[in-house]
Amino acid sequence: MSYLPLGLFALLVAALDQLSKFLVLDQIPFGAVVPGIKGLFHFTYVQNFGAAFSILQGHRWLFIAVFILFIGLLYWGIQKKVLPFSKFEMWCLAAVIGGGLGNILDRVFRGFVVDMIAVEFIDFPVFNVADCFITCGAIALIVHLVFWNKEFWKDGKEKK
């Protein structure tokens with residue numbers, strides 16, 4: 001399997017995320033609300049100094065280190081064929097990596113993550129485009145692993 005399309009997809013996800021954040025920083029004052037679809041979502045510019053739900057605020061270097069470690073372990077596992085992911089699962093991982101890269105770029109260059117999408121139908125933290133790719137990619141990966149990738153769950157003795 002060629003990793004070039006997956007890498008390009010991950011970079012595209014990160015680029016879309018960064019473009020959306022650039023537009024927010026350029027067009028929406030901090031804390032302001034811009035209407036979206038009434039009853040569904042609106043836009044607002046907030047700064048997140050933590051992870052999901054603002055946990056571990058002020059630990060940006062920990063998030064950067066964990067992301068680098070995750071990428072390293074994932075690369076090692078795929079190269080050593082310890083992690084037998086299907087093509088679909090690789091695309092899910094590319095979505096997660098692209099979203100992670102988008103948020104890591106914020107942490108490195110801004111010191112915080114720019115969030116802007118606020119749903120109106122439930123009480124939920126404000127999030128961004130990268131978070132959407134991370135969440136959807138992770139959910140699709142887990143569902144696919146649980147229901148369709150039986151090879152992933154075999155131990156080393158059964159794979160031979």
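The values are calculated or read from the model by the stated rules, or taken from the named source; none is laboratory data. As the structure is a computational prediction, the values presented were derived from the model and not from experiment. Cβ coordinates were reconstructed from backbone atoms using ideal geometry, including for glycine residues, and neighbour counts include every protein chain displayed.
For this structure, a couple of remarks:
- Positions within region 74-102 being closer than 18 Å to Ile134 by Cβ, over 12 Å from the mean Cα position of the chain (by Cα) and modelled with pLDDT of 90 or more, in sequence order: Phe88, Glu89, Met90, Trp91
- Checking Phe109 against (1) among the aromatic types (Phe, Trp, Tyr); (2) free of Cβ contacts under 8 Å to residues at least 12 places away in the same chain; (3) within 30 Å of Lys150 (Cβ to Cβ), the condition it does not meet: (3)
- Here Leu11 clears all of (1) over 20 Å from Ala138 (Cβ atoms); (2) at pLDDT 95 or above except the condition numbered (1).
- Residue selected from region 14-53 under the condition closer than 13 Å to Phe127 by Cβ and within 15 Å of the chain's Cα centre (by Cα), by the criterion modelled with the lowest pLDDT: Phe53
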